Amino acid sequence: MPDMVGIILAAGKGTRMKSKLPKALHPICGKPMTRYVIDACRDSGVEDCIVVIGHGAEQVREGLGSDVRYVVQEQQLGTGDACKRAVALLGEGGLDVLVLAGDTPLVSPEILKRLADEHRSSGADATVLTTVLDDPGQYGRILRAPDGSVRGIVEAKDASAEERGIREINASIYCFKLPLLRDYLDRITPANAQSEYYLTDVIGLMAADGRRVAAATSEDPNVVLGINHRADLAHLTGIIRSQILERLMLDGVTLVDPSSTYVDFDVQTGPDTVIYPQTVIEKGSTIGEGCTIGPSTRLVNVKLGNEVTVLFSNIVDSTVGDGTRIGPFANIRPGCRIGSKVKIGDFVEAKNAEIHDSASMSHLAYIGDAVVGEHTNIGAGSITCNYDGFTKHRTIIGRNVFIGSNVTMVAPVEIGDGALVAAGSVVTENVPGDALAIARSEQTVKEGWAKQRREQKGRGG
Ligand code: UD1
Ligand code: CA
């Protein structure tokens, strides 16, 4: 949209959230709530977006990204005052301005385009986006004159009982002609229940002066819903979550139980992947084709190849190659690069480990700060001792190595290709390739000793 500037109001503390985290940054399916508003604004074709920040300004700026301009509203004196801070950055040109609240994350590029089109084609001085709600709650009510034209907006806190009965509400999304907006922002006063400068008053003052104020009404009330407290947050998260799940299903993914599946906004999944119940797939994850994920699995920033199986497991900040099987009950911590056709079974923990193709650790192992070569087998109960109480050390295990059960590998240590380490060994020295290492005390057998002891204790037989 040429000659259209976006202004997004996000300076408020979000008092009703009762949170240390600034409201703008509360995540919804992995994305900060105000980032949804910025994305909708940009996707509608508005290139220049100004975000008004204040409460937790530096943190908000950091969290929302660098593709927008920021202006700081030092004191949160109201939506009108916030808008004024952004308008001060704009020149005298005859631009149009699209103003949005930073707490309406369901807003779509389509509805913004429609609002802008209606604003421009009608030649209005201001156009306000409205919708009709069964329960208009705390939203500002749209006041219309007998001829249907918009007369003003009254906040619920300032409304009479009769006005509170109005079900058409202000979405807090508007188009204005910039010069008029600038002019009227200078005229509003904080003479209201909240002692704030209301942006909504601009609409009433313009209408009273005979300016052309239009309304665009959204048929879908959801797209304009705002978040003021945690119950709103949960409600809107539910709506956004179903939109994400719907997209996955249309992309060919089977969700056995969408109601217990949680997927973040940017997750990509190939067709014919099946996701079982109680599965959470978080930001940054990509899943290939034909995978089986869950039940009860959490993936965070994980790249899975094709035909991967993960069940009852947790994987974070790692990559997994084609045909690998993980779980049940594996914990794959950050920094693992796991190859293809690897088998990681129950109660295996790995961290910062490079595990090459066709390696296998079927049960009860800890592999940390380590390399495991191709076709190497790690026996049950074997662990790397990567931490000496001060620093972390690496364990390098070659290809085709056989590590027996209950081997303790005290890092730093290297085990060469084709070596065999006997069960129960504590490996403290490097093992050359193709060698056998046995590092355990020799077995002593004392014939008849146990029987003798029982007899001494008076329990023969
Ligand atoms: C606002 C509207 C209301 C509308 C509702 C829709 C006003 C006076 N009221 O009410 O008519 O129905 O949105 O969701 O505009 N903000 C600032 N600086 C401030 C105050 C607020 O940047 O000084 C930002 C907030 O961070 C928030 C947005 O403006 O993102 C809206 O403010 P909020 O206090 O949530 O307004 P509502 O009471 O919801
Ligand atoms: Ca609000």
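Starting from residues that are β-branched (Val, Ile, Thr) and surrounded by 21 or more Cβ atoms within 10 Å (Cβ to Cβ), keep the ones in the range 189-206 and report whichever is nearest to ligand 2 (Cβ to nearest atom). Let's see the steps before the verdict.
Within the range 189-206, the first condition is being β-branched (Val, Ile, Thr), and the residues that meet it are 189, 200, 202-203.
Remaining after also requiring surrounded by 21 or more Cβ atoms within 10 Å (Cβ to Cβ): 200, 202-203.
Working: Thr200: 12, Val202: 17, Ile203: 17 Å.
Filtering the range 189-206 for residues that are β-branched (Val, Ile, Thr) and surrounded by 21 or more Cβ atoms within 10 Å (Cβ to Cβ), the one nearest to ligand 2 (Cβ to nearest atom) comes out as Thr200.
For (1) more than 17 Å from the chain's Cα centre (by Cα); (2) of a type in the set (S, T, N, Q), each residue gets a yes or a no:
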position	(1), (2)
Leu248	no, no
Ile275	yes, no
Glu282	no, no
Thr286	no, yes
Gly290	yes, no
Gly294	yes, no
Ser313	yes, yes
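When we screen Ala145, Ala161 for residues that are within 30 Å of Asp232 (Cα to Cα), of a type outside the set (Asp, Glu), more than 9 Å from ligand 1 (Cβ to nearest atom) and surrounded by fewer than 22 Cβ atoms within 10 Å (Cβ to Cβ), the only hit is Ala161.
Would you mind stating whether Glu282 is among the charged types (D, E, K, R), buried (at least 17 other Cβ atoms within 10 Å of the Cβ) and either in contact (Cβ under 8 Å) with a residue 60 or more places away in the chain or more than 20 Å from Asp317 (Cα to Cα) (or both)? Yes: the conditions hold for Glu282.
Given the residues Asp186, Asp220, Asp209, which is the only one that is more than 12 Å from ligand 1 (Cβ to nearest atom), under 21 Å from Cys41 (Cα atoms) and exposed (fewer than 15 other Cβ atoms within 10 Å of the Cβ)?
Asp220 is the lone residue from the list that is more than 12 Å from ligand 1 (Cβ to nearest atom), under 21 Å from Cys41 (Cα atoms) and exposed (fewer than 15 other Cβ atoms within 10 Å of the Cβ).
Among the residues of the range 81-94, those identified as in a helix (DSSP H, G or I), in contact with a helix residue (DSSP H, G or I) (Cβ under 8 Å, 6 or more places away or on another chain) and more than 16 Å from ligand 2 (Cβ to nearest atom) are Lys84, Val87. Of all residues in the range 195-213, those satisfying the criterion of being touching a helix residue (DSSP H, G or I) at 6+ places or on another chain (Cβ under 6 Å) and part of a loop (DSSP other than H, G, I, E, B) are Tyr197, Tyr198, Leu199. Criterion applied to Gly345, Gly323 was being surrounded by 18 or more Cβ atoms within 10 Å (Cβ to Cβ), assigned to a strand (DSSP E or B) and over 24 Å from the mean Cα position of the chain (by Cα), and the one residue passing it is Gly345.
Would you confirm whether any residue within the range 95-115 is within 16 Å of ligand 2 (Cβ to nearest atom), surrounded by 21 or more Cβ atoms within 10 Å (Cβ to Cβ) and under 17 Å from Asp3 (Cα atoms)?
At the first step, the residues of the range 95-115 found to be within 16 Å of ligand 2 (Cβ to nearest atom) are 99-107.
Then keep just the ones that are surrounded by 21 or more Cβ atoms within 10 Å (Cβ to Cβ); that gives 99-107.
Within this subset, residues satisfying the condition of being under 17 Å from Asp3 (Cα atoms) are 99-100.
There is at least one residue in the range 95-115 that is within 16 Å of ligand 2 (Cβ to nearest atom), surrounded by 21 or more Cβ atoms within 10 Å (Cβ to Cβ) and under 17 Å from Asp3 (Cα atoms).
Taken residue by residue, the range 224-231 has no member that is exposed (fewer than 14 other Cβ atoms within 10 Å of the Cβ) and either over 21 Å from the mean Cα position of the chain (by Cα) or in a loop (DSSP other than H, G, I, E, B) (or both).
Okay, residues lined up against (1) among the aliphatic types (A, V, I, L, M); (2) within 12 Å of ligand 2 (Cβ to nearest atom); (3) closer than 17 Å to Glu62 by Cβ; (4) surrounded by fewer than 22 Cβ atoms within 10 Å (Cβ to Cβ):
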site	(1), (2), (3), (4)
Met4	yes, no, no, yes
Leu9	yes, yes, no, no
Lys23	no, yes, yes, no
Pro27	no, no, yes, yes
Gly30	no, no, yes, yes
Met33	yes, yes, yes, no
Cys41	no, no, no, no
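All of the numbers you see were taken from the coordinates with simple rules; none came from a lab. Computed from a predicted model, the values in this text were never measured in an experiment. Because the Cβ atoms are built from the backbone with ideal geometry, glycine has one as well, and the counts that use them run over all protein chains shown.
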